[in-house]
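The values are calculated or read from the model by the stated rules, or taken from the named source; none is laboratory data. No experiment lies behind these values; they were computed from the predicted model shown. Cβ atoms come from the backbone with ideal geometry, glycine included; neighbour counts cover every protein chain shown.
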Amino acid sequence: MTAPPFSQKPGIQLIKSGTPSQVDLKHSYQCPGLKSTIIDIPISSEKKLLTMGRFEMRPSVDFPFFYEYLEVKTIVTGKIVVKDEGGVRYEAGPGDIYVFTPPCLVMFPAESDGTTVFAGHRGPEPSFLPGFDGTVATPGCTS
């Protein structure tokens, strides 16, 4: 049984914690007493570079970001809010997962206050690495 990839069209998808249901491994692995569950969620069928990292946002200012690559963010602590180009608001908490399928312009509103771990189909972005000394033009972001 193979599920289709989750990233089928551009935009934002939010996988809420606990959905889909996880598989109880004690049955499939025939291991009585095992207390372990798992769920595989196929995100993409593409074969590309993969970069992972950590993202934090604290209450501050609205932050627009354009996803030119597939990225998956899992909320670890707090609350991360995003809005799509149409103004649809998504709110995610610990255990929830965002899937950003390109091309996708999102707004992280100033109220966001949380930490995520992420994986993206891209190489490392120089502006996201220690020692970066340049600037990045961000349309819609006022200084």
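Taken over segment 84-143, the criterion of being touching a Leu at 6+ places or on another chain (Cβ under 8 Å), closer than 17 Å to GLU56 by Cβ and among the small types (Gly, Ala, Ser) is satisfied by ALA92, ALA119, GLY120.
For beta carbons closer than 6 Å, sequence separation of 6+ or different chains, a first residue in segment 115-139 that is part of a strand (DSSP E or B) and a second that is among the charged types (D, E, K, R), the qualifying pairs are THR115/GLU56; THR116/LYS73; VAL117/ARG54; PHE118/GLU71; PHE118/LYS73; GLY120/GLU71.
Residues that are buried (at least 17 other Cβ atoms within 10 Å of the Cβ), touching a strand residue (DSSP E or B) at 6+ places or on another chain (Cβ under 8 Å), part of a loop (DSSP other than H, G, I, E, B) and among the small types (Gly, Ala, Ser) are absent from segment 92-102 altogether.
The residue that is modelled with the lowest pLDDT, counting only those in segment 48-84 that are under 14 Å from SER112 (Cα atoms) and not in a strand (DSSP E or B), is VAL61.
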